[in-house]
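Input: a single structure, listed below in structure tokens.
Coordinate-derived values only; no laboratory data. From a predicted model like this one, the values you see are computed outputs, not experimental measurements. Positions of Cβ are backbone-derived with ideal geometry, glycine not excepted, and every protein chain shown enters the neighbour counts.
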Amino acid sequence: MEYIVNHIPRTTPCDRRPGLAMAAEYITIHNTGNANSTALNERLWLTNPSNDRKASYHIVIDQNRAIECLPLTEVGWHAGDGGSGTGNRKSIGIEICESGNYAQTLQNAARLVAELLKERGWGVDRLRRHYDWSSKICPRLMYDKGTWAGWTTFKNMVRNALQEGEPMTPQELSAFKELQGQVATLAQANTHLGVVIEGQAKQIKALQDRAKLAEVPAWAQAAVDAAVAAGVIDTKQGSHDFYRLLTITHRAGVFK
Ligand SMILES: [Zn+2]
């Protein structure tokens, strides 16, 4: 869904953009009351010379797009509660189109409203019907013969959208899966590396053990006996080189 900013000019007739600063505290939901108009039709109507009504709103949304007609920090006339009414002075007015694929439009509206709430750190308790400000049966497609079941459904849709956030796009999903694959490959490589290191450690230990001769070789026995008797060594475990050096040392007469 695209979001278009196309503000009506300050000079728009009937004071439809009064330019009054607004610090919004609520979001007010409407239906356009026109079964055939799109968001673009509704936006163009606001600046149509034949329009003589002092009525405006902030955002109009249909199955394809949302159009921002007034800055969200300025007052619009949509709540029917007068020039100083809280609905008009403190709420962002959202017009939901009735034309086209209404289920899609409603889904778009729920996502948009969830985003507006999230940006402000608000919950669904900030949502109001036009009806709440001035008892007009609006949003009329949520009225359901006075039960307002559709309104409850819409608030639940917004609540769900707030909790779930945006679902992943196909591009995001494929990038995510690729990343998962890379992580798995990396983990596998690390495991393989661990096995290699363990194998090498075993091999090194085996080589060290092999260097130590289990028994004193016969040719070194005299040297070992002499060295032990002289108190020079107290171990008989050594490598081939050890016994060779010991024998040379012994033959040099050091242990006598
Ligand atoms: Zn309304």
- Query: Dipole of the range 40-181 (Lys/Arg Cβ +1, Asp/Glu Cβ -1, origin at the Cα centre): which of GLY76, SER135, ASN64 lies farthest to the positive side?
  - Reply: SER135
- Roughly how big is the chain's charge dipole about its Cα centre, with Cβ charges of +1 (Lys, Arg) and -1 (Asp, Glu), in debye to the nearest 20? 300
- With the Cα gyration tensor of the range 2-164 giving a ≥ b ≥ c as the square roots of its eigenvalues, does the rule (a/c under 1.5 for rounded; else a/b larger than b/c for prolate; else oblate) give rounded, prolate or oblate? rounded
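To make sure I understand, if each residue's beta carbon is the centre and we count other beta carbons within 10 Å, what order do SER134, SER174, SER37, SER50 fall in, fewest to most?
SER50, SER174, SER134, SER37
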- With the 8 Å Cα cutoff and a minimum separation of six or more residues, the range 214-256 has a relative contact order in percent of 51
- Item | Of GLY231, GLY33, GLY76, the one that fluctuates the most in a GNM where the chain has Cα springs shorter than 10 Å | GLY231
- With r defined as the distance between the Cβ atoms of VAL195 and ALA175 and R0 fixed at 35 Å, what FRET efficiency is calculated, to the nearest 0.05? 0.65
- Task: Could you tell me which of the pairs LYS54/LYS136; LYS118/LYS155; LYS54/LYS90; LYS90/LYS145 are separated by over 22 angstrom between their Cα atoms in the structure shown?
- Result: LYS90/LYS145
- Distant-in-sequence amide H partners of GLY238 (H built 1.01 Å from N, under 5 Å): LEU213
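Can you put LEU179, LEU20, LEU116 in order of Cβ neighbours within 10 angstrom, beginning with the fewest? Don't jump to the answer; show the numbers that get you there.
Values: LEU179 10, LEU20 13, LEU116 19.
If I rank by nearby Cβ atoms, fewest first, I get LEU179, LEU20, LEU116.
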- Query: How high is the FRET efficiency from VAL254 to GLN203, r the C-beta distance, R0 35 Å, rounded to 0.05?
  - Reply: 0.45
- Which value in deg cm²/dmol, rounded to the nearest 500, describes the helix-derived mean residue ellipticity at 222 nm for the chain, given -39,500 (n - 2.57) per DSSP H run of n ≥ 4 and division by the residue count? -14500 deg cm²/dmol
- In degrees, nearest 10, range 0 to 90: what is the angle between the Cα axis of helix 170-211 and the longest Cα principal axis of the chain? 10
- Among VAL158, VAL195, VAL113, which one moves the most in a GNM of the chain with springs linking Cα atoms closer than 10 Å? VAL195
- Note on the structure: Note on the chain: contact order normalised by length, alpha-carbon pairs under 8 Å, 6 or more apart, percent, works out to 17
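When the chain is fully extended, how far beyond the present Cα-Cα distance does THR86 get from SER135, taking 0.36 nm per residue of separation?
On the way: separation 49, 0.36 × 49 = 17.64 nm, distance 1.40 nm.
Separation in residues times 0.36 nm, less the Cα-Cα distance, equals 16.2 nm.
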- Message: Just want to confirm a number: the relative contact order over the range 24-127, from Cα pairs under 8 angstrom separated by 6+ residues, in percent.
- Response: 38
- Neighbour-count ranking [beta-carbon atoms within 10 angstrom, fewest first] of HIS250, HIS58, HIS192: HIS192, HIS250, HIS58
- Note on the structure: Long-range alpha-carbon pairs in the range 214-256, meaning those over 16 Å apart, account in percent for 21
